[in-house]
Amino acid sequence: MKTEIQPPVTLGFAITGSFCTYSKILDVLKTMTETYNIIPIFSEHSSTMDNRFHKASDFVSQVQEITGSQGLFSIQEAEPIGPKGYLDALVIAPCTGNTMAKLCHGITDTTVLMAAKAHLRNEKPLIISVSTNDALGMNFKNLGQLMNAKNVYFVPFGQDNYVKKSNSMIAHTELIPDTVEAALKGQQIQPVIRSPFS
């Protein structure tokens, strides 16, 4: 019996402005390129804002070098994700509270949000790797609403500093690959809420 060769899964990997997580994101990308064809998608802030962790242009170059793909940098570049339907799944990592709130309310004013809107119209998995200081504050309602949204999955997350930042939640980024694998099967990896970070 002839075995069909499956084409590689194409994964959109959208990056927003939680700069402190970028080193972890680079590590995850290095691992995931062994399994997926990855197309990076940059928010306007992630691709232009220098910060105390990375120079923006250096970070963009690293991501593109690791993935071997040219990134998407504008709403116009992200819009065809919908009609062309070329992504099997889309990850937003890190996903800031700002992006999460806008996504929840249907606002499409950045490259990443356009990518998410365009991708969701194809009813394929959107994976969110949350990183926000107000997940248990003003954004709690948005987090809850997205947890119940069709085709939206979450990378397991926990409080990163419950003493000094009691409302802050951050994803266990090392679980992004496992979350993607489960989401491609229509499953939410469990448990979603994990122990606090040490």
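Only the coordinates and a few stated rules stand behind these numbers; no lab work does. Only a predicted model underlies this, so the values are computations on that prediction, with no experimental measurement involved. In this analysis, Cβ positions are derived from the backbone assuming ideal geometry, glycine residues included, and neighbour counts consider all displayed protein chains.
Just add up the charged neighbours of residue 189: K/R +1, D/E -1, any other residue whose Cβ is under 13 Å from the Cβ of residue 189.
Every neighbour counted, the sum reads -1.
For q = 0.13 Å⁻¹, what log10 I(q)/I(0) does the stretch 10-183 give under the Debye formula with an equal point scatterer on each alpha carbon and no solvent?
Results for the stretch 10-183 at q = 0.13 Å⁻¹ read -0.57.
Only loop residues by DSSP count here, and only those with at most 16 other Cβ atoms within 10 Å; note down the trypsin sites (Lys or Arg not before Pro) in the stretch 91-164 that meet that.
Of the trypsin sites (Lys or Arg not before Pro), the ones in loops of the stretch 91-164 whose Cβ has at most 16 other Cβ atoms within 10 Å are 121, 150, 164.
Amide H to amide H, which residues 5 or more places from residue 14 or on other chains are under 5 Å from it, using H placed in the peptide plane?
Close amide H contacts, sequence-distant or interchain: 41, 91, 92, 93.
Taking GluC sites (Glu not before Pro) that fall in a DSSP loop and have at most 11 other Cβ atoms within 10 Å as cut points, what is the longest piece of the chain between them?
35-122
Using r as the Cβ-Cβ distance of residue 140 and residue 51, and R0 as 25 Å, what FRET efficiency do you calculate, to the nearest 0.05?
E between residue 140 and residue 51, to the nearest 0.05, is 0.40.
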